[in-house]
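The values are calculated or read from the model by the stated rules, or taken from the named source; none is laboratory data. Owing to the predicted nature of the structure, the values given are computational and were not obtained by experimental measurement. Virtual Cβ from ideal backbone geometry, glycine too; neighbours counted across all protein chains shown.
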Amino acid sequence: MESSEKIQSIRAAMPAVREHVYLNTGTFGPLPQVAIDAMRAESDREFRDGRITTASYERANDLKQRARQEVARLLGCRPEQIALTRHTTDGINLAVMGRNWQPGEELVTTDMEHPGAQGPIFNVARRYGVIVRTARLGTGAGDVASAMARLIGPRTRMVVLSHLTWNTGAILPVGDVAELAHRVGALVVVDGAQSAGSIPVDVAALGVDVYAIPGQKWLCGPEGTGAVYFSDAALDQLHLTVVGYASLAPNGLEPIGGYFVPKPTAERFEVGGVHLPAIAGQVAAMRWLREEVEYDWIFQRIAELGRYAVGRLAATDGVAVLTPTDRMAGLVSFTVRGADPQRLVEALARRDVIVRWITHPYSIRLSAGFYNTEDDIDRLIDALEDARAEVSER
Ligand SMILES: Cc1ncc(COP(=O)(O)O)c(C=O)c1O
């Protein structure tokens, strides 16, 4: 299919991207038709069948396994290394809380992390006396691996960083950092919230230990879905923090004799019941991305649109692009001279151009998704003039 024809057929399947100038996939991706159809069908089935037959359990297990398989294909690992979660933050918590931390042990991270990673990090710092060493990376434009190397030492037990940062959209060298961390025996935990579905990811080639992803952003699935990868080393070393029947091996619990045997696979990090319509939507969206839209095309298109956005923004008077352009994909952060980012984002929303403002650095962030067009970016640039005049007038 020719590219423009392909984009039209993608847009035909995603009403939200026709409704607005939709440049905020970094927050939520638009749902494709197949996802909403699968969610409705699953809800109807639950309503009709009552969720209680043996077939319903088998169906639930099958659907969850299909979700793990889709994620494993995306990340380049085995389905047994994947646990389903509710969002990225769940996966990061499972990793960071999964160590029996001793006071004085160290965790290395960066100043570009989202609260979804900062929360678990500062929780173990407060709860167990873990020392947090934070690399100051600014916009992520400098020598990230060297900045991390200076902090990684004999007491480092874990390194936590984003693959693609939520604030400036910088791609961080997680493979290099993993090599440094492994030299001292530390586990590497990656926040993949902005990378999964926006850039190629191969967890084995990167050599990372944990890779946490959402379903609802670049993978265009429903809210309440996510997954996390564990390397074999991570599976060996990390303990369970939240545990339930879904964590157990068959006949793995004997309350009277007092034993508890978790599943041998990453599935042991799952706990209990899930919202099956959401999983059905996640599977349908990911299958559509893989089979119909095709990941290679997606990654290339996102990079192309990101570059186009940077070009247009950089050529606009008073706009400063904060994103390091030699290591970016579809997230672009910028400021506009004389315009408060929050007020500007609100003014753009009144013109039906949906971007967001972020706090560190205080700026505006656009996300270019594979379903966007150059025209969407042009409409943002046009609206920017007008919106900027509105907010600087007051
Ligand atoms: C880099 C990063 N990490 C974590 C999160 C939190 O994601 P979730 O809601 O999937 O836990 C976000 C959400 O914006 C993010 O951008």
In this structure, does Gly116 turn out to be outside any loop (DSSP other than H, G, I, E, B), surrounded by fewer than 22 Cβ atoms within 10 Å (Cβ to Cβ), touching a residue at least 24 places away in the same chain (Cβ under 8 Å) and in the same structural domain as Asp236 (by TED's automatic domain parsing)?
yes
Condition check for Val108: away from the ligand (no atom under 15 Å from the Cβ), assigned to a helix (DSSP H, G or I) and in contact with a strand residue (DSSP E or B) (Cβ under 9 Å, 6 or more places away or on another chain)
no
How many of the residues making up the range 207-223 are touching a residue at least 40 places away in the same chain (Cβ under 8 Å) and over 16 Å from Arg68 (Cβ atoms)?
7
The condition of being charged (D, E, K, R), in contact (Cβ under 8 Å) with a residue 24 or more places away in the chain, in a helix (DSSP H, G or I) and surrounded by fewer than 17 Cβ atoms within 10 Å (Cβ to Cβ) holds, among Arg307, Arg290, only for Arg290
From the list Arg327, Arg312, which residue is under 19 Å from Gly197 (Cα atoms), among the charged types (D, E, K, R) and either modelled with pLDDT of 95 or more or assigned to a strand (DSSP E or B) (or both)?
Arg327
Does Ala284 count as crowded, with 16+ Cβ neighbours inside 10 Å, more than 12 Å from the ligand (Cβ to nearest atom) and not in a loop (DSSP other than H, G, I, E, B)?
yes
Within the range 24-42, can one find any residue that is β-branched (Val, Ile, Thr) and closer than 14 Å to Tyr371 by Cβ?
yes
Among the candidates Gly142, Gly129, Gly116, Gly138, residue that is among the small types (Gly, Ala, Ser) and in contact with a strand residue (DSSP E or B) (Cβ under 8 Å, 6 or more places away or on another chain):
Gly116
Can you list the strands (runs of 3 or more DSSP E) lying wholly within the range 181-279 that have 3 or more residues being more than 15 Å from Thr89 (Cα to Cα) and either among the β-branched types (Val, Ile, Thr) or touching a Leu at 6+ places or on another chain (Cβ under 8 Å) (or both)?
259-262
Somewhere in the range 220-236, is a residue under 19 Å from Gly330 (Cα atoms) and not charged (D, E, K, R)?
yes
For the range 372-394, which residues satisfy the criterion of being assigned to a loop (DSSP other than H, G, I, E, B) and at pLDDT 95 or above?
Asn372, Thr373
Just checking, which of Leu137, Leu151 is within 15 Å of the ligand (Cβ to nearest atom) and touching a residue at least 12 places away in the same chain (Cβ under 8 Å)?
Leu137
Within the range 194-251, work out how many residues are within 15 Å of the ligand (Cβ to nearest atom) and either outside the structural domain of Gly76 (by TED's automatic domain parsing) or of a type in the set (S, T, N, Q) (or both).
5
Do we find that Gly98 is surrounded by 19 or more Cβ atoms within 10 Å (Cβ to Cβ), part of a loop (DSSP other than H, G, I, E, B) and within 16 Å of the ligand (Cβ to nearest atom) in this structure?
no
Pair list, Cβ under 7 Å, 6 or more apart: the range 37-57 residue without any contact (Cβ under 8 Å) to a residue 40 or more places away in the chain, other residue surrounded by 14 or more Cβ atoms within 10 Å (Cβ to Cβ):
Asp49/Ser56
For the range 154-172, enumerate the residues that are more than 15 Å from the ligand (Cβ to nearest atom) and closer than 13 Å to Thr109 by Cα.
Thr156, Arg157, Met158, Val159
Could you pull out the residue among Arg268, Arg307, Arg301, Arg327 that is assigned by TED's automatic domain parsing to the domain that holds Arg45 and under 26 Å from the mean Cα position of the chain (by Cα)?
Arg268
